[in-house]
Amino acid sequence: MLKKTIFYLMVGLAWTFSAQAAEVRLSVAASLTDAVKELVATYQKKTPNVKILPNFASSGTLAKQIAQGAPADLFISANPQWMQFLVDEQLIPADQVRAFVFNSLVFVGEKTRKISAMTDLAPLARIAIGSPKSTPVGQYAEQALTAAGLLDQVQGKLVIAQDVRQALAYAERGEVEGAFVYKTDALLARQTVILLEVPQELYSEVVYPLGVTNAGLTHLPVRAFLDFLGSAEARGILQSYGFIVK
Amino acid sequence: MFDFTPTDWQAMELSARVALTATLAALPFGFAAAYLLVFSRLPGKALFDGLMNLPLVLPPVVVGYLLLLLLGRNGWLGGLLEELGIRIIFTWKAAVLASMVVGFPLLVRSIRTGMEGIDLRLIQASRTLGARWYDSLFTIVLPLSGRAILAGASLMFARSLGEFGATIIIAGNIPGVTQTIPLAIYDYTGAPGGEGMALGLCLVSIALAFAVLIFNQMMVKRLEREHPQ
Amino acid sequence: MKMDVSLCKTLGNFRFATEFALEGSRIGIFGPSGSGKSTLMHLLAGLHKPDQGSIRIDGETLFDDTQRISLSPEKRRIGVVFQQAHLFPHMGVRQNLLYGYRRIPKRQRKIDPQALIAVLGLESLLGRNVTSLSGGERQRVALGRTVLSCPRLILMDEPLNGLDEGLKYQIIPYLKRVFDEFDIPLLFISHSLNEMRLMTDEVLEFQAGQLIGHTTAEDLARRRMGNSQVGYINLLPLGEYRQIGDLHAYSWGNQELVLSVSGEGAAGMFELSSKDITLFKRHPEASSARNLLRCRVTKLFGAGNRVGVEMECGGQPLVAQVVGEAVDDLGLVPGRELVAVIKASAFRRLY
């Protein structure tokens, strides 16, 4: 009995250690979930011996995780702020950051709802936004509401979601009257439609910076994956999801 | 660390209000449930006992999700409630409900233990002296369970202060409306640079828990002085 | 009070079945532990449900399974004084006393609380916490509480059992006073023959869940004399006394009994075993015993392997026991004059 236990333990340990060999770890903003999943699947078909492991969450949460020591080779954030945060923490060299894709902010909700301007949002009972403390989409939304002079009016109606996908889910389930999400998320929605494209002058441009961490620099397979991300094939996939690639 | 935003103060006030409301609202039900479990001979007691203890062993998130299935817009009771114009999900009431359900087993367990310690003969004596069952309940069982009720209420109150999983599912994280202290802390933990604020709120949480414990101790001592057993 | 009972109940291995009819106001339920006395008490009070049977008191049916009548305890108006008093610990003495009183309609309140408190000597206890009372005090409060609920019948379940050995009989005068003064029928449950004789007239004897006898306490005592360790206990109520050295001489009929009981002399109830009375044909010349009483045999009765000698001494009854041979030796027949010799130390004070 004891011998068997030890045998299985050794097998298990060997398995966990072997997993380290050829892996690329990605920390990716939640709004890129579907696009990046397809990118990873496409790449894996070409290079099956390298494992790509993506981790999706709100950009702020991801930045925090990396700062606290979570392993990551590449970080894609939905705003420059948290990329800068990691640069300041000396975890990402400044010269390893470049713009990846662009996006825009929209308001989604039920088809039958009539929203033609930001001011139409004020009477709504519940609006979902990502947490402004940890998600770029929430910050952009808050920024837009403030610029439109509506923030005070909607205080107490804002349901905080952990990331843009959860905000979308609230709207899809009908638990809120609408949600601020990215255009790319709205395109994936089933029950809700884009009711309003938030005027760009109300919020900063949504740029997704991509950065290679110090750990990523030493990792050979990372280079190859990065090259793939810049390829025409990859750009095509991103655009198909609604992202703007410049 | 302690320069709280207005939303943070709201979170603290909300936590206290939700916990207090949940505890007070649950007390009569908890008392009744404990009484039924200890003194009645209804069929299906074992099943009732099991159901009632379920929230204690289930992950709070599961409890929250089940409540959502029940009361959400598309839920089993949700449609009916919407017709009556009653909205529970994503309101302050949902936060109270989440705390009530999650804390209920703690309340009942405590009261039950106290009731089981009551000498049945005392109840028998009261009956022979002309008291009906509800008279015995209020004049004998209730006073003698006092200590246990208090302990259960304190425990439930403290648990409510820390309730997160079920709350975030059915009440959501709405600053000023349902964002209690645990939800506020969670929000800060996701934010880079939010450690200080999170810690500040944690300390407030600890202080509140301590306050409840001390209050409980004081009341227990007072009860012992008045009614030595 | 008229009582008509027919009950049976099975509790695990124990089967209780009985049927009796009685009329009286001082009834005893006698038997060893496990004989079913407590079961009977619980069934009468409505605290347990019989498997089948009927209970009728003074024409009212309290239970009848064929008619589906089963009054709950609070409707039976049968008071119970439990072995351990069971006073409500979260209430003071006064609140306990008035608990039942407050729950009966005003017109049924036939007993005056002040009078009862006086009879039971509870004035000094009224403001106190029940947990600080002694065993005897608790039983008196328990009795007071039950009496004040003005029941039609009081069941006392081994009320002296939980009290200190030397002091337990001290509660008897209180019990007697209460039942004499307030005229409530009593069903007294006990395994003590003395208690039966002091408190009851009629006795129902139980054993192993069955009724084996329906007699008087006196008859019971005499029947058991031969098999009892203590013989037949003569219960002697004594009053006036005078001091002789460290002994007390109590007047008894037209004679005196000299006792060497410890403590102060005072009126009360004393016990003397039939075994401690030695009978002489003639007056002994001198004797170390202090009591030499002239008696006349009134009756002889068999009890096991002993013979009970009932005598009349100066107008007072006394029972002694002898072995069979002694009857011939002393020529014991009704009418025979004898001398009963008793040591001063043979007496014991009950209360």
Taking only the alpha-carbon positions of chain A and ignoring solvent, what does the Debye formula give for the base-10 log of I(q)/I(0) at q = 0.08, 0.10, 0.13, 0.14 Å⁻¹? -0.35, -0.53, -0.81, -0.91
If the chain between residue B:195 and residue B:224 were fully extended at 0.36 nm per residue, the gain over the current Cα-Cα distance would be 6.1 nm
If you line up the long axis of helix A:2-18 against the longest principal axis of chain A, both from Cα atoms, how many degrees apart are they, to the nearest 10? 60
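Can you give me the relative contact order of chain A as a percent, contacts being Cα pairs under 8 Å and 6 or more apart?
Once divided by the residue count of chain A, the mean separation gives 28 percent.
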How big is the gap, in Å, between the Cα center of the range C:2-65 and the Cα center of the range A:85-109? 89
Mind sorting C:283, C:86 by how few other Cβ atoms lie within 10 Å of their own Cβ, fewest first? C:283, C:86
For chain B, list the DSSP H helices whose alpha carbon atoms reach 30 Å or more along the long axis and whose average Kyte-Doolittle value is -1.0 or above? B:6-39, B:92-116, B:195-226
Can you compute the modelled spin-label distance between residue C:218 and residue A:151, with each label point 7 Å from Cα toward Cβ, in nm? 10.5
Relative to the Cα centre, what is the charge dipole magnitude of the protein assembly as shown, using +1 at the beta carbon of each Lys and Arg, -1 at the beta carbon of each Asp and Glu, and rounding to the nearest 20 debye? 1280
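Could you compute the FRET efficiency for residue C:126 and residue B:134, with r as their C-beta to C-beta distance and R0 at 35 Å, rounded to 0.05?
Efficiency, from the Cβ-Cβ distance: 0.75.
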Could you list, by residue number, the cysteines of chain C that have no other cysteine's beta carbon within less than 4.7 Å of their beta carbon? C:8, C:150
On a 0 to 90 degree scale, rounded to 10, what angle separates helix A:33-46 from the longest Cα axis of chain A? 30
Fewest to most neighbouring Cβ within 10 Å: what's the order for B:5, A:213, B:139? B:5, B:139, A:213
What whole-number value in cubic angstrom gives the convex hull volume per residue for the C-alpha atoms of the range C:65-219? 143
Once every Cα of the range C:54-131 carries one equal point scatterer and solvent is ignored, give the base-10 log of I(q)/I(0) from the Debye formula at q = 0.23 Å⁻¹, two decimals. -1.17
State the Cα centre-to-centre distance between the range C:108-186 and the range C:258-329 in whole Å. 35
Candidates B:122, B:213, B:71, ranked by Gaussian network fluctuation over chain B, Cα under 10 Å, top entry: B:122
Can you list, largest first and rounded to whole Å, the semi-axes you get for the range A:103-202 by taking the square root of 5 times each eigenvalue of its Cα gyration tensor? 17, 15, 13
Ignoring GluC sites (Glu not before Pro) buried by more than 12 other Cβ within 10 Å or outside DSSP loops, the longest site-free run in chain C is C:1-239
In nanometres, what is the gap between the two model label sites at residue A:70 and residue A:218, each 7 Å from Cα along Cα-to-Cβ? 2.1
Taking every C-alpha to C-alpha distance in chain C and binning by 20 Å from 0, the per-bin percentages run 27, 51, 22, 1
A convex hull over the alpha carbons of the protein assembly as shown yields, per residue, a volume in Å³ of 282
From zero up to wherever the largest Cα-Cα distance of the range C:233-349 sits, split into 5 Å bins and tell me the percent of pairs in each. 2, 12, 23, 24, 19, 12, 6, 3, 0
For residue B:25 and residue A:49, what is the calculated FRET efficiency with R₀ set at 56 Å and r taken between the beta-carbons, to the nearest 0.05? 0.40
Fewest to most neighbouring Cβ within 10 Å: what's the order for A:46, C:176? A:46, C:176
Measure nothing but the geometry: give the 0 to 90° angle between the long axis through the Cα atoms of A:136-147 and the longest principal axis through the Cα atoms of chain A, rounded to 10°. 20
Treat each spin label as a single point 7 Å out from the Cα along the C-beta direction, and report the residue B:120 to residue C:176 distance in nm. 3.8
Could you give the alpha-carbon Rg of the range B:6-222 over 2.2 N^0.38 Å, rounded to two decimals? 1.15
Tell me, rounded to the nearest percent, the portion of alpha carbon pairs in the range B:4-126 spaced more than 25 Å apart. 39
Would you please give the FRET efficiency between residue B:42 and residue C:52, computed as 1/(1 + (r/R0)^6) with r the Cβ-Cβ distance and R0 = 22 Å, to the nearest 0.05? 0.35
Semi-axes in Å, largest first, for the range A:32-168 (Cα gyration tensor, √(5λ)) are 32, 19, 12
Post the alpha-carbon centroid distance, the range B:171-229 to the range A:190-211, in whole angstrom. 38
Length gained when the stretch residue C:192-residue C:227 is fully extended (0.36 nm per residue, less Cα-Cα span): 11.1 nm
How large are Rg and Dmax for the range C:37-91 when only the alpha carbon atoms are used, in Å? 12.8, 41
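Every number in this text was worked out from the coordinates using simple rules, so none of it is lab data. The structure presented is a predicted model; accordingly, all values stated were derived computationally and were not measured. As a convention, Cβ positions derive from the backbone with ideal geometry for all residues, glycine included, and neighbour counts pool all protein chains shown.
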